[in-house]
Amino acid sequence: MTPERPRVLILACGNTLRSDDGIGPWLAAWAEGRFARDSRVRVVSRQQWTPDLAEDIANALSVLFIDCSIGSDPGAVRLTDVHPERDTEGLATHHQSPSQLLALTRDLFEATPRAAKLLTIGAGSTELGEVFTDVVRATIPHACGILESTILEWLGQRSAQ
């Protein structure tokens with residue numbers, strides 16, 4: 001029996017040993033628990049996004065990327081649309097941006113998800129450590145709310161906030 005094609009793919013990125021950089025994997029684990037009984041949701045967490053994820057993206061109807069942002073104010077939570085874009089400097093094999101992964105998916109599989117978004121949380125610190133900064137810890141409920149409402153909207157269960 002072939003597994004059901006996921007309606008929603010959550011792709012989290014981050015290093016759990018680098019303080020706030022671990023927020024992506026933390027939110028992925030939260031989402032995995034929250035949607036554990038729903039076979040329409042698939043969660044993948046990695047230290048980096050790599051080209052092999054293009055096949056997973058091609059098989060999903062919607063994709064939500066999750067990562068920390070060192071370019072945002074600490075604790076700032078943002079949800080933005082992602083569109084396929086090629087990197088003009090060529091393919092990096094160790095880290096791909098969400099836009100690059102969508103472009104690669106389009107090029108290799110002639111597929112793009114109907115919706116793609118990036119959820120970022122501004123990092124206060126990426127120094128060695130396994131504990132979030134206070135500002136990032138304080139934003140976790142808000143980030144979980146955005147994550148949950150986005151997924152539920154994509155599943156057709158309620159509107160996003």
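The table that follows gives values for the structure above.
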quantity: Residue check, D73 at pLDDT 95 or above, closer than 23 Å to I140 by Cα and of a type in the set (D, E, K, R); calculated: yes
quantity: Unmet requirement for E89, which otherwise passes all of (1) at pLDDT 95 or above; (2) more than 18 Å from G22 (Cα to Cα); calculated: (1)
quantity: Yes/no for I70 being out of contact with any Lys or Arg (no Cβ under 7 Å at 6 or more places or on another chain), within 20 Å of S99 (Cβ to Cβ), surrounded by 16 or more Cβ atoms within 10 Å (Cβ to Cβ) and not small (G, A, S); calculated: no
quantity: Cβ-Cβ under 7 Å pairs, at least 6 apart or on other chains, the stretch 131-155 side assigned to a helix (DSSP H, G or I), far side surrounded by 20 or more Cβ atoms within 10 Å (Cβ to Cβ) and acidic (D, E); calculated: V136/D20
quantity: Residue match in the stretch 99-109 (condition: closer than 29 Å to S19 by Cα, among the acidic types (D, E) and at pLDDT 95 or above); calculated: no
quantity: Residues that are of a type in the set (S, T, Y) and either out of contact with any strand residue (DSSP E or B) (no Cβ under 7 Å at 6 or more places or on another chain) or closer than 22 Å to L102 by Cα (or both), drawn from the stretch 5-39; calculated: T16, S39
quantity: Any hit, the stretch 20-29, residues being surrounded by fewer than 16 Cβ atoms within 10 Å (Cβ to Cβ), modelled with pLDDT of 95 or more, over 14 Å from L119 (Cα atoms) and within 12 Å of the chain's Cα centre (by Cα); calculated: yes
quantity: L102, sole failed condition from (1) in contact (Cβ under 8 Å) with a residue 60 or more places away in the chain; (2) hydrophobic (A, V, I, L, M, F, W, C); (3) surrounded by 18 or more Cβ atoms within 10 Å (Cβ to Cβ); (4) farther than 14 Å from C13 by Cα; calculated: (1)
quantity: Any chance W49 is of a type in the set (F, W, Y) and in contact (Cβ under 8 Å) with a residue 60 or more places away in the chain; calculated: no
quantity: Test set (1) surrounded by fewer than 17 Cβ atoms within 10 Å (Cβ to Cβ); (2) at pLDDT 95 or above; (3) closer than 17 Å to P25 by Cβ - P141 fails condition number; calculated: (3)
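The rows are residues; the columns are (1) under 27 Å from L61 (Cα atoms); (2) not polar (S, T, N, Q).
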residue	(1), (2)
I121	yes, yes
V131	no, yes
V136	no, yes
P141	yes, yes
C144	yes, yes
L147	yes, yes
T150	yes, no
L155	yes, yes
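The values are calculated or read from the model by the stated rules, or taken from the named source; none is laboratory data. Treat the numbers as computed from the prediction; the structure is a model and nothing was measured. Using ideal geometry, Cβ is built from the backbone for each residue, glycine included, and neighbour counts are taken over all protein chains shown.
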